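Student: Just passing along the structure, written as structure tokens.
FYI, it's all coordinate maths here, none of it is from the lab. None of these values were measured; they are calculated from a predicted model. Counting neighbours? That spans all protein chains shown, and the Cβs are built from the backbone with ideal geometry, glycine included.
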Amino acid sequence: MTIPKAKAVALISGGLDSLLAAHVAIEQGVHVEGINFFTGFCVEGHTHAIRKQDRSKPKRNNALWVAEQLGIKLHIIDIIEEYKAVVFNPRYGYGANLNPCLDCKIFMVRKAHEWCLKQGFDFIVTGEVIGQRPMSQRKDTMPVVSRQSGAEDRLLRPLCAKNLPPTLPEREGWVDREKLYDFSGRSRKPQMALAARFGFKDYAQPAGGCCFLTDAQYSSKLADLWRSRGEKRYELDDIMLLKVGRHFRPKPGFKVIVAREEGEGKFLQGYRKQFLSLSTTSHPGPLALIDGEVEPADIELAARLISRYSKGRNEEKVEVEVRQPDGSSHQLRVQPLAPSDIPEAWHL
Amino acid sequence: MSNIIVDARGLLCPMPVIRVQDCVSTLDAGELVEAVCSDPGALNDIPAWCRINGHRVVRTQEKDDEYIVVLEVGEL
């Protein structure tokens with residue numbers, strides 16, 4: 001009689017650790033499928049690919065690419081709405097920026113656990129390593145993730161399992177504890193050596209992590225958005241727009257988003273039915289969106305601001321088209337702002 | 001049989017993949033899905049998703065600023 005394989009779902013971020021952890025489980029004969037959660041804050045090649053100058057770089061989604069290397073299915077789950085509660089009110093607080101890493105890990109493992117129960121899978125695999133960044137990967141927080149997620153001992157961390165108490169998959173013999181690892185600390189060398197041993201040569205090593213919330217500048221723009229609204233609130237479009245363009249806030253309730261180049265301009269064009277938009281017509285220049293309730297003087301200021309970033313920046317006057325969300329438009333003729341006219345405090 | 005259209009214009013990856021995935025999960029093997037996207041990354045991601053999940057890409061097309069992927073649903 002053939003004993004059915006144990007079934008595990010592996011959290012796949014697209015980085016090296018989750019690739020290795022899943023591979024370790026597969027090597028031990030476990031049937032593994034991947035799961036990847038999209039929060040809206042994920043750093044993906046495509047977000048950068050909005051910018052035309054980056055279009056020559058690979059546009060692959062690293063989670064899909066990892067799944068393909070492993071030869072496993074990948075389920076990408078949209079958790080944008082549910083994730084808001086994690087970002088707004090993290091029980092374990094934020095990291096250096098607006099990154100709620102521990103709450104995020106608990107949430108994702110809980111969602112994976114729910115998925116397992118629904119799909120009849122036995123356990124969860126993550127690429128966590130004690131002592132690695134972010135803060136969710138400390139020896140004292142590992143049990144917190146297992147407990148608070150509800151996964152308990154159905155959560156296996158193959159890369160550091162030998163430093164932790166045996167889990168259900170180990171006790172049941174679904175995996176051999178002796179063939180798991182005891183990595184700890186911030187060094188990446190053990191993972192790179194293991195990758196070489198497994199024959200993985202090309203893998204993503206995102207320098208700033210896989211989440212925009214770990215980025216100081218992005219977090220500052222998100223905090224500004226919440227301040228301007230008087231509450232912690234966002235929609236997907238809001239957090240996507242924070243990834244694009246130069247952001248200026250000349251006064252509360254009035255923000256200007258200026259495309260930095262053609263690719264971003266095209267992306268912002270898609271929002272012209274939601275926002276007041278401006279573009280220079282007498283000279284090549286960027287597209288800009290205005291966010292907020294504005295007066296004619298604010299629109300003129302925004303026109304002068306985008307003229308500063310047009311080819312007419314040194315001209316006496318630049319013509320700007322102001323387009324309403326309903327498609328109607330009018331022209332302004334304005335003097336471009338000088339760099340010294342743009343206070344540092346406007347920059348977000 | 002006409003293609004089932006997934007309009008993913010204005011969405012950045014991986015949202016077009018998620019929209020296709022959600023649509024495909026409701027269909028039977030052999031049905032055709034046409035994803036219309038504005039993110040050029042969809043031309044890589046949707047075929048990659050198809051390969052790992054057992055679906056077949058029938059054709060891909062780039063037209064103006066739109067990227068189209070037609071796929072045939074495989075056995076789930």
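Student: Can you tell me which lysines have their Cα less than 19 Å from the Cα of A:LYS7? Leave out same-chain residues fewer than eight positions away.
Tutor: The reachable lysines, counting only those whose Cα sits under 19 Å from A:LYS7, are A:LYS73, A:LYS111, A:LYS118, A:LYS179.
Student: Could you list which residues have their amide H under 5 Å from that of A:ASP78, counting only those 5 or more apart in sequence or on another chain, with H placed in the peptide plane?
Tutor: Correct list: A:PHE38.
Student: What distance in nm separates the two pseudo spin-label positions at B:GLU62 and A:ARG260, each 7 Å out from Cα along the beta-carbon direction?
Tutor: That separation, rounded to one decimal, is 2.3 nm.
Student: Of the DSSP beta bridges with both residues in chain B, give the percent that are antiparallel, rounding to the nearest 5.
Tutor: So the antiparallel bridges in chain B amount to around 70 percent.
Student: Run the numbers for A:GLU315 and A:ARG177: contour at 0.36 nm per residue of separation, minus the present Cα-Cα distance, in nm.
Tutor: Here the segment from A:GLU315 to A:ARG177 would lengthen by 42.5 nm.
Student: Give a residue-ordered list of calculated ³J(HN,Hα) values for segment A:285-295 (Karplus: 6.51 cos²θ - 1.76 cosθ + 1.60, θ = phi - 60°; whole Hz; x for Gly, Pro).
Tutor: x, x, 8, 9, 10, 10, 10, x, 8, 10, 9
Student: Also, quick follow-up: For peptide B:39-49, how many partner chain Cβ atoms fall within 10 Å of a residue's Cβ, on average? Don't skip to the end; give the middle numbers.
Tutor: Values: counts 7, 6, 11, 3, 1, 8, 10, 2, 1, 8, 7.
Per-residue shielding by partner chains comes out at 6.
Student: Can you give the alpha-carbon Rg of segment A:179-331 over 2.2 N^0.38 Å, where N counts its residues?
Tutor: After normalising by residue count via 2.2 N^0.38 Å, the value is 1.43.
Student: Next question, about the same structure. What's the ranking of B:57-67, A:243-253 by average number of surrounding C-beta atoms within 10 Å, highest first?
Tutor: With the highest mean Cβ count within 10 Å placed first, the list reads A:243-253, B:57-67.
Student: Nearest 5 percent is fine: what portion of the DSSP beta bridges confined to the protein assembly as shown is antiparallel?
Tutor: 65 percent
Student: Here's a follow-up. Arrange A:THR141, A:THR281 by Cβ neighbour counts within 10 Å, fewest through most, would you?
Tutor: So the ranking, lowest neighbour count to highest, is A:THR281, A:THR141.
Student: At A:TYR94 and A:HIS330, where each label point lies 7 Å from the Cα along Cα→Cβ, what is the point-to-point distance in nanometres?
Tutor: That separation, rounded to one decimal, is 4.0 nm.
Student: Roughly speaking, what is the stretch gain from A:ALA193 to A:ALA216, that is 0.36 nm per residue apart minus the C-alpha to C-alpha distance, in nm to one decimal? Provide the component values of the computation, followed by the final result.
Tutor: Values: separation 23, 0.36 × 23 = 8.28 nm, distance 3.13 nm.
Contour length minus Cα-Cα distance gives 5.1 nm.
Student: Pull up all non-local amide H partners of B:ILE4: gap of 5 or more, or a different chain, and H-to-H distance under 5 Å with H placed in the peptide plane.
Tutor: Amide H to amide H, under 5 Å and 5 or more residues apart or across chains, B:ILE4 pairs with B:LEU32, B:VAL33, B:GLU34.
Student: What list of ³J(HN,Hα) couplings, whole Hz, do you get for segment B:59-67 from phi and the Karplus terms 6.51, -1.76, 1.60, once you set θ to phi - 60° and write x for glycine and proline?
Tutor: Ordered by residue, 3J(HN,Hα) equals 6, 10, 8, 10, 9, 6, 9, 10, 10 Hz.
Student: Using helices alone, I'd like the mean residue ellipticity at 222 nm for chain A: each DSSP H run of four-plus residues gives -39500 (n - 2.57), total over residue count, nearest 500.
Tutor: Details: 12 runs with 117 residues, N = 348.
For chain A, the value works out to -10000 deg cm²/dmol.
Student: So what's Rg/Rh here for segment A:7-212, counting alpha carbon atoms and using the Kirkwood radius for Rh? Could you put the intermediate results ahead of the total?
Tutor: Values: Rg = 16.2 Å, Rh = 17.2 Å.
Radius of gyration over Kirkwood radius for segment A:7-212 works out to 0.94.
Student: Let me ask another. Could you give the angle, 0 to 90 degrees to the nearest 10, between helix B:42-53's Cα long axis and the longest principal axis of the Cα atoms of chain B?
Tutor: 20 degrees
Student: Please compute, over every Cα-Cα pair in chain B, the percentage with a separation greater than 17 angstrom.
Tutor: 32 percent
Student: Further, regarding this structure: What average number of partner chain Cβ atoms lie no more than 10 Å from the Cβ of the residues making up A:62-72?
Tutor: For peptide A:62-72, the averaged partner shielding equals 3.
Student: Ok, one more. Give me log10 I(q)/I(0) at q = 0.15, 0.23, 0.24, 0.25 Å⁻¹ for segment A:255-348, Debye formula, one equal scatterer per alpha-carbon, no solvent.
Tutor: -0.50, -1.24, -1.35, -1.45
Student: Roughly how many debye, to the nearest 20, is the charge dipole of segment A:7-212 about its Cα centre, given +1 on each Lys and Arg Cβ, -1 on each Asp and Glu Cβ, and no other charges?
Tutor: 660 debye
Student: Once you've got the GNM for chain A with C-alpha springs shorter than 10 Å, pick whichever of A:GLU178, A:GLU170, A:GLU33 has the biggest mean-square fluctuation.
Tutor: Greatest mean-square fluctuation among the candidates belongs to A:GLU178.
Student: Mind checking which of A:SER149, A:SER187, A:SER328 has the largest fluctuation in a GNM of chain A, springs on alpha carbons under 10 Å?
Tutor: For chain A, modelled as a Gaussian network with Cα springs under 10 Å, the answer is A:SER328.
Student: Roughly how big is chain A's charge dipole about its Cα centre, with Cβ charges of +1 (Lys, Arg) and -1 (Asp, Glu), in debye to the nearest 20?
Tutor: Once rounded to the nearest 20, the dipole reads 640 debye.
Student: Taking the Cβ of each residue in A:VAL294, A:VAL30, A:VAL9 as the centre, tally the other Cβ atoms inside 10 Å and list the residues starting with the fewest.
Tutor: In increasing order of surrounding Cβ atoms, one gets A:VAL294, A:VAL30, A:VAL9.
Student: Fewest first, what order do A:TRP65, A:TRP174, A:TRP226 take by the number of other Cβ atoms within 10 Å?
Tutor: Working: A:TRP65 23, A:TRP174 20, A:TRP226 15.
Final ranking by Cβ density, sparse to dense: A:TRP226, A:TRP174, A:TRP65.
Student: Then there's this: Two decimals is fine: what's Rg over Rh for the protein assembly as shown, C-alpha atoms, Kirkwood radius as Rh? Let's see the in-between values first.
Tutor: Details: Rg = 23.9 Å, Rh = 23.5 Å.
Using Cα coordinates only, the ratio equals 1.02.
Student: I've got another one for you. What do you get for the angle between helix A:189-198 and the principal long axis of chain A? Use alpha-carbon atoms, 0 to 90 degrees, nearest ten.
Tutor: Tilt of helix A:189-198: around 70 degrees.
Student: For the Cα atoms of chain B, what angle does the longest principal axis make with the long axis of helix B:15-24, in degrees from 0 to 90, nearest 10?
Tutor: Orientation of helix B:15-24: about 20 degrees from the principal axis.
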